[in-house]
Amino acid sequence: MHIVFLTGAGMSAESGLSTFRDSGGLWEGYDPQKVASIEGWYSDRAMVQEFYNKRRSELAKAEPNQGHKLIAGLEAYFKVTVITQNVDNLHEKAGSTNVIHLHGELTKACNEAKTEVLEIGTRPIFLGEKAADGSDLRPFIVWFGEAVPLIEKAVEIISEADMIVIVGTSMQVYPAAGLIHYRKKDVPTFLIDPNDVVVPDYVQVIKEKASAGMSILINKIR
Ligand code: APR
């Protein structure tokens, strides 16, 4: 059985990382069009670098929560793929070995053409720091206005899934939110989220935070 998880910011909330759209979330303090868009990068690189440098320094202090660990533990029994919108590395830190980061990774930087990618861990990128091709080194993140290169791979994986579990995403950002439409008919599909999320009728909702919701899901699988 191949279980595919689709995760978002709520997955890492219990690890102390802010979500985007909850009250007190990141988009209350920042304008996504300014810090997470290609236009934002062109108009204010300092602000964009500062935003992601802050995210990296928060990530340095964060640890995977029980939810991440329960997902990783399922690899002992099933084929598991995690398709995440998260740019943190907490799924990997928890032990998941098959993680697709649709929106990029905080611990990587790249040139402006996104053809050279380097590991930077949780260190800051300095303003004006250059990539090998002379362009500005930038966060390896998929911003609003940019292509999502891994979406086709994600569609392929979803279309082969025998069970789909959505955890902690408001399902408001496309193309990620559209992935469930590619599922095989009648594949059991769950959503774990403590708040209401608009999803199709066939989705079985577990209205809990990621950790508690994952324990319930595992009991159901048993
Ligand atoms: N456990 C599970 N879910 C939670 C928890 C928790 N402890 N706390 C909050 N949530 C849920 C919220 O109810 C909400 O449905 O997590 C979801 C977070 O939604 P968003 O903040 O919109 O995050 P996400 O869906 O990942 O955003 C998608 O938007 O700005 C972009 O690129 C960014 O990848 C991000 C994308």
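What chymotrypsin sites (Phe, Trp or Tyr not before Pro) in region 95-183 are in a loop by DSSP, with at most 14 other Cβ atoms within 10 Å of the Cβ?
Listed in order of number, the matching sites are Phe126.
Which chymotrypsin sites (Phe, Trp or Tyr not before Pro) from region 3-104 combine a DSSP loop assignment with at most 13 other Cβ atoms within 10 Å?
Sparse-neighbourhood loop chymotrypsin sites (Phe, Trp or Tyr not before Pro): Tyr77, Phe78.
Taking loop as defined by DSSP and a crowding limit of 10 other beta carbons within 10 Å, which trypsin sites (Lys or Arg not before Pro) in region 103-206 fit?
When the trypsin sites (Lys or Arg not before Pro) of region 103-206 are filtered for loop state and at most 10 Cβ neighbours within 10 Å, Lys185 remain.
Explain nothing, just the number: relative contact order of the chain, from Cα pairs under 8 Å at least 6 residues apart, as a whole percent.
So the answer I get is 24 percent.
At 0.36 nm per residue, minus the direct Cα-Cα distance, what do Trp27 and Ile216 gain on full extension? Give it in nm, one decimal, please.
65.0 nm
For the residues Asp186, Asp31, what sequence is obtained by ranking on other C-beta atoms within 10 Å, fewest first?
By the 10 Å Cβ count, ascending: Asp186, Asp31.
Please determine, in degrees from 0 to 90 and to the nearest 10, the orientation of helix 151-160 with respect to the longest principal axis defined by the Cα atoms of the chain, where the helix direction is its Cα long axis.
With both axes taken from Cα atoms, the answer is about 10 degrees.
So how much slack lies between Leu118 and Arg45, counting 0.36 nm per residue of separation and subtracting their Cα-Cα distance, in nm?
Using 0.36 nm per residue and subtracting the Cα-Cα distance, I get 24.4 nm.
As a quick test, which of the pairs Lys34/Lys54; Lys108/Lys153; Lys61/Lys130; Lys93/Lys184; Lys93/Lys209 have an alpha carbon distance above 25 angstrom in this structure?
Lys61/Lys130; Lys93/Lys184
FRET efficiency for Asn195 and Phe126, Cβ-Cβ distance as r, R0 = 45 Å, nearest 0.05?
Between Asn195 and Phe126 the formula returns 0.75.
Does region 1-157 come out rounded, prolate or oblate by the C-alpha gyration tensor, with a ≥ b ≥ c the root eigenvalues, rounded set by a/c under 1.5 and, if not, prolate when a/b is larger than b/c and oblate if not?
prolate
So if we plug the beta-carbon distance of Tyr182 and Ala60 into 1/(1 + (r/R0)^6) with R0 = 22 Å, what FRET efficiency do we get, rounded to 0.05?
Rounded to the nearest 0.05, the efficiency is 0.05.
Counting Lys +1, Arg +1, Asp -1, Glu -1, what net charge surrounds Phe20 among other residues with beta carbon under 15 Å of its beta carbon?
For residues surrounding Phe20, the net value is -2.
Please work out whether region 177-222 counts as rounded, prolate or oblate from its C-alpha gyration tensor, where a ≥ b ≥ c are the square roots of the eigenvalues and a/c under 1.5 means rounded, while otherwise a/b larger than b/c means prolate and anything else oblate?
Taking the square roots of the gyration eigenvalues as a ≥ b ≥ c, region 177-222 is oblate.
No value in this document is a laboratory result; all are computed from the given coordinates. Everything numeric in this text was worked out from a predicted model, so none of it was measured. Please note: Cβ atoms are built from the backbone with ideal geometry, for glycine as well, and neighbour counts cover all protein chains shown.
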